[in-house]
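J.: What follows is a structure written as structure tokens; I'll ask about it next.
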Amino acid sequence: MPYTRQADEGEYPDGLAHSIHFAVSRDGVHFEALNGNYGILFAKAQIGEDDTIIPKGAKNPFLFAMPGKKFGIMAVQTQENGSEDTDCAQKALLWITQDFMDFEEKGLVDLEGPRCVVKYPPERASDGAGCAAVGMPCGAVLGNRMEIPLSLCDRLALFYGKIHNVEVRVPKRTVAKGPSDLESVWATAVYSDGSTAQKRVRWEWENVDFEKPGVYRVAGRVENEQYRFPLACGYGDPVLFFREGRWYFIATNDNLDDIGLYVREADDIPGLFAEGVREHLILGVDRQNGFVQTFWAPEFHVIGGKLYILFAVSGEAWGPQCHLMELREGGRITDPEGWKKPVRIQKKDGSWLAKDAITLDMTYIKAGGRSYMVWSYRENIGTPADTGSMLYIAAVGQDTPWRLESEPVLLSRPLYGWENVSHTINNEGPYAFLWQDRVYLTYSGGAANGYTYVLGLLTAQADQDLTDPLAWKKSFSPVLSFYSVEGEYGPGHNSFFTDPLGNLMIAYHAEDSIKSNLRCDAIRRVHFDINERPVFDLSAERDLSPKLCRVEMEMEVG
């Protein structure tokens, strides 16, 4: 059953409510909301003649069968608030799918002509109902219903549900000559979708005599390194970095009005967030060189064997621009004298990256033997001609990363309701990781310090030309939102790193209340589901069930 939702500005605004949601039922009466009752398909905004974004919504969703075992989803396009869009009379939004997990977006299609077989708008299952409707998703404004195979229903419930740990396996028996052999035996955590992850075990071998051959029963506790939320409060855009045996943390410092670049250093990750940890100022206000305000989104990146910090900064007049700062040979990360003077990013012809616009949140990608920069660009911010922030990409050389080697290419604009919700018109904070043969580029949309902030995802094959927009596929809905992890609101602007156990980790900021605007940091493991799709919302309890963390096995000594 497709449906939309009743809008609630304080908890689920127009930009989210007027999107296509889905629910499934095994008895035709009680419907289970997919994707946690968050929208799955969103109408694309229109681009005005002045290059501004005009948000759109959808209503009256209708599901129907198509030839070739496909399904169509139609809806009436509306203004963002659900009111009539007079520009699209006799047209409807159309998506086509085979499995309700991947969609072909057709946009607005003409309903007139001999090829149209659906009279639209159709009758709906209901004129709308809220939480009081028994067996219906909270706030649902209902569409129609149709039968699908039970096996597909089960797949959808699994695909859009929150996976969780259901089993922990260890070998029934192992052979060990000493404690080191035992420590090499890890547990396999199994999840509700059939995917797995390896977990280290803290084995209790103290009562084992490794000088005496025999069979012993040993117990252990499966380890699951987790980090409390909130971690550091008042820090947006967190980045963790490991170099030469030490860990470093850098972020936008909201506590100091985003002025200055500060770095923390520790022996391990928990030490970066220990009480009283020292913050080293490596770049402060420098009016002579134009470094005055909005020291935003610093990131560590190794480019061509050299360590750089990418960041944005403004001069006396507000207007952040992307800069790059190189660590001197032999320089220490926490020493301001260890860094060369920051350089502003240039285009291929030597001109500045932007003249009458702002640039920020630059990140670096190396894939397929080529290097790229991705950043956020915005014109006329705060005026009626505001274009919204958008993502651009260009090739760059490893020897001169401050100068682009190709012209900037538009990669993404905030056209979906979850990107431009409540007129935030935001695409920013890109950061990438490579997994197998693919590039995964997360980015943020919505309100940067509000509960609607989310992570979107762009994916591409690593060996393709990433400056080609057609090489990328954009997620239809966010991959991390305030519906993802209980108690976390507005998760966004993230980075990735690998922890000492080899786990891919995500760091991001969020708020601990739907009413809060205090950005605090969070860290968790990135899981890969049975389809090798990255999962960013695996909470501590779902990553490892507390009921399954104790394990036992037989150990043969000899």
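The values are calculated or read from the model by the stated rules, or taken from the named source; none is laboratory data. Being a predicted model, the structure only gives us computed values, none of them experimental. Ideal geometry is used to build each Cβ from the backbone, glycine not excepted, and the neighbour counts take in all protein chains shown. The area values use the complete protein model at the heavy-atom level, side chains included, leaving out ligands, DNA and RNA. Shrake-Rupley method; radii C 1.70, N 1.55, O 1.52, S 1.80 Å.
J.: Would you be so kind as to identify which of Y3, Y453, S180 lies farthest towards the positive end of the dipole of the chain, taking Lys and Arg as +1 and Asp and Glu as -1 on Cβ and the Cα centre as origin?
T.: S180
J.: Between the alpha-carbon centers of the stretch 354-417 and the stretch 488-558, tell me the distance in whole angstrom.
T.: 29
J.: What are the ³J(HN,Hα) values, in whole Hz, obtained from phi via the Karplus relation 6.51 cos²θ - 1.76 cosθ + 1.60 with θ = phi - 60°, for each residue of the stretch 456-461 in sequence order, with x given for Gly and Pro?
T.: Karplus-based 3J(HN,Hα) across the stretch 456-461 equals x, 9, 10, 10, 7, 6 Hz.
J.: Counting heavy atoms of the protein chains only and a 1.4 Å probe, report the per residue accessible area for the stretch 151-247 as a whole number of Å².
T.: Working: 5270 Å² over 97 residues.
Value for the stretch 151-247: 54 Å² per residue.
J.: Mind listing the long-range amide H neighbours of G492? Cut-off is under 5 Å, sequence gap 5 or more, other chains count too, H placed in the peptide plane at 1.01 Å from N.
T.: Residues meeting the amide H criterion: H509.
J.: What is the calculated FRET efficiency for A157 to E223, with r their C-beta to C-beta distance and R₀ = 30 Å, to the nearest 0.05?
T.: Calculated value: 0.45.
J.: Below 8 Å, C-alpha to C-alpha, sequence gap of six or more: please give me the relative contact order for the stretch 133-227 in percent. List each step's numbers first, then the result.
T.: Details: 84 pairs, mean separation 18.9, N = 95.
Relative contact order for the stretch 133-227 comes out at 20 percent.
J.: Short version: ³J(HN,Hα) in whole Hz for each residue of the stretch 279-295, in order, from phi by Karplus 6.51 cos²θ - 1.76 cosθ + 1.60 (θ = phi - 60°), x for Gly and Pro, what are they?
T.: Each residue's phi maps through the Karplus curve to give 10, 9, 7, 10, 8, x, 4, 9, 5, 4, 9, x, 10, 10, 8, 6, 7 Hz.
J.: Hey, which lysines would be in cross-link range of K547, C-alpha to C-alpha under 25 Å, not counting anything within fewer than 8 residues on its own chain?
T.: Straight-line reach from K547, under 25 Å: K162, K172, K199.
J.: Mind checking which lysines have their C-alpha under 22 Å from K91, skipping anything on the same chain fewer than 8 residues away?
T.: Counting by Cα, and skipping residues close in sequence, K91 has these lysines nearby: K44, K56, K59, K70, K106, K119.
J.: Under 16 Å Cα-Cα from K212, which aspartates and glutamates qualify once same-chain neighbours fewer than 8 residues away are excluded?
T.: D181, E554, E556
J.: What length, rounded to one decimal in nm, is gained on full extension from L410 through to I148, with 0.36 nm per residue of separation minus their alpha-carbon distance? Intermediate values should be presented prior to the final figure.
T.: Details: separation 262, 0.36 × 262 = 94.32 nm, distance 3.89 nm.
Gain on stretching L410 to I148: 90.4 nm.
J.: List the residues whose amide H sits under 5 Å from the amide H of I530, counting only those 5 or more places along or on another chain, with H placed 1.01 Å from N in the peptide plane.
T.: S195
J.: GluC sites (Glu not before Pro) within the stretch 9-103: which are DSSP loop residues with at most 14 other Cβ atoms inside 10 Å?
T.: On the way: sites: E9, E11, E32, E49, E80, E84; in loops: E9, E11, E49, E80.
Answer by residue number: E9, E11, E49.
J.: Ignoring ligands and nucleic acids, what accessible area does V439 show with a 1.4 Å probe (Å², nearest 10)?
T.: Surface accessible to solvent at V439 totals approximately 0 Å².
J.: Compare the peptides 413-421, 478-486, 400-408 by average per-residue count of other Cβ atoms within 10 angstrom and give them in order, highest first. Show your work: numbers first, answer last.
T.: On the way: 413-421: 26.0, 478-486: 21.8, 400-408: 17.7.
Descending mean neighbour count gives 413-421, 478-486, 400-408.
J.: List, in order, the whole-Hz ³J(HN,Hα) value for each residue of the stretch 401-411 obtained from phi through the Karplus relation with A = 6.51, B = -1.76, C = 1.60 and θ = phi - 60°; use x for Gly and Pro.
T.: x, 7, 10, 5, 9, 9, 6, x, 10, 5, 9
J.: Take the stretch 320-359, compute every pairwise Cα distance, and split them into 5 Å bins from 0; I just need the percent in each bin.
T.: Result, from short to long distances: 6, 23, 21, 16, 13, 13, 7, 1 percent.
J.: Between S406 and residues 5 or more places away or on another chain, which pairs have amide H atoms under 5 Å apart, with H built 1.01 Å from N, and which residues are they?
T.: Under 5 Å from the amide H of S406: A395.
J.: With an 8 Å cut-off on Cα pairs and a minimum separation of 6 or more residues, tell me the relative contact order of the chain in percent.
T.: 14
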